[in-house]
Amino acid sequence: MSKFIPFPFYHDDVPIDLSFVFEHEKPAGKHGFLKAKGDHFVFEDGTIGRFWGTNFNGGANFPEFAYSEKVAKRLAKIGINVVRFHQLDSEWNTPNIFQFTKGKRCDKTTELDPESMKRLDYLIYCLKKEGIYCYMDMFTYRKFKSGDGVENAFLLKDAAKPYASYNRRLIEL
């Protein structure tokens, strides 16, 4: 007799649908701008913001359209109402926001890849429909390039932290 308890993994559904918890929040953003007030988050209309979230990392930020729809519904069913988009700008990960397909490295980071943006935009649309908010972590591992007009770009590591807060050109980018 095994002492292990089976843990079934539901690929297309969940054992308990918790989407009702945030049903009244659909679509995300309907309460207006969110701000911190004391030790709470409060929306523009006075609604208290409460969040239960997860993280998408690297290439997970750019799924195929059918998967965007599926994952948004699945996240809502498990009670998620905020997603952090992390490492969108990491060169070591393909796709990323600057380059969707593998191949020659970009020589600048001033243009966003159209395919990456199309997929990211649709994912955000699907999440919003399901009442899921998005937090964009836009400055994590960006590698500045010579084409960006940044002096000694090759010397700057991990989004040029902390220089990006003080260097005029990095702020512009």
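The values are calculated or read from the model by the stated rules, or taken from the named source; none is laboratory data. Only a predicted model underlies this, so the values are computations on that prediction, with no experimental measurement involved. Every residue, glycine among them, receives a Cβ derived from its backbone with ideal geometry; neighbour counts consider all protein chains shown.
Of the residues in segment 77-89, none is acidic (Asp, Glu) and modelled with pLDDT of 90 or more.
Taken over segment 101-124, the criterion of being under 15 Å from the mean Cα position of the chain (by Cα) and without any contact (Cβ under 8 Å) to a residue 12 or more places away in the chain is satisfied by Lys118, Asp121, Ile124.
Confirm whether Phe41 is more than 16 Å from the chain's Cα centre (by Cα), surrounded by 10 or more Cβ atoms within 10 Å (Cβ to Cβ), free of Cβ contacts under 8 Å to residues at least 24 places away in the same chain and part of a helix (DSSP H, G or I).
Values: more than 16 Å from the chain's Cα centre (by Cα): yes; surrounded by 10 or more Cβ atoms within 10 Å (Cβ to Cβ): yes; free of Cβ contacts under 8 Å to residues at least 24 places away in the same chain: yes; part of a helix (DSSP H, G or I): no.
No: the conditions fail for Phe41.
For segment 67-80, name all the residues that are part of a helix (DSSP H, G or I), more than 17 Å from Pro95 (Cα to Cα) and out of contact with any Cys (no Cβ under 7 Å at 6 or more places or on another chain). Result: Lys70, Val71, Lys73, Arg74, Leu75, Ala76, Lys77. Would you check if Phe62 is in contact with a Ser or Thr (Cβ under 9 Å, 6 or more places away or on another chain), under 30 Å from Ser90 (Cα atoms) and modelled with pLDDT of 90 or more? Yes; evaluated as a whole, the condition is true for this residue. If you go through segment 117-173 and keep only what is hydrophobic (A, V, I, L, M, F, W, C), assigned to a helix (DSSP H, G or I) and buried (at least 16 other Cβ atoms within 10 Å of the Cβ), you end up with Leu120, Leu123, Ile124, Cys126, Leu127, Ala153, Ala159, Ala160, Ala164, Leu170. Among the residues of segment 102-132, the ones that are under 20 Å from Lys26 (Cα atoms) and in contact with a Leu (Cβ under 8 Å, 6 or more places away or on another chain) come to 4 in all. Can you name the residue in segment 99-115 that is more than 18 Å from Ala153 (Cα to Cα) and of a type in the set (S, T, N, Q) and, of all such residues, is surrounded by the most Cβ atoms within 10 Å (Cβ to Cβ)? For segment 99-115, the residue satisfying everything is Gln99.
Could you please let me know if Asp12 is surrounded by 19 or more Cβ atoms within 10 Å (Cβ to Cβ) and not in a strand (DSSP E or B)? Against the criterion (surrounded by 19 or more Cβ atoms within 10 Å (Cβ to Cβ) and not in a strand (DSSP E or B)), Asp12 does not qualify.
Those residues that are part of a loop (DSSP other than H, G, I, E, B) and not aliphatic (A, V, I, L, M), I need them from segment 107-116; list them, please. Let's see the steps before the verdict.
Narrowing segment 107-116 to residues part of a loop (DSSP other than H, G, I, E, B): 107-113.
Selection gives Asp107, Lys108, Thr109, Thr110, Glu111, Asp113.
In segment 50-63, the residues that are more than 21 Å from Asp39 (Cα to Cα) reach residues that are of a type in the set (Gly, Ala, Ser) and part of a helix (DSSP H, G or I) with C-beta atoms within less than 7 angstrom, at least six apart or across chains, in these pairs: Phe62/Ser116.
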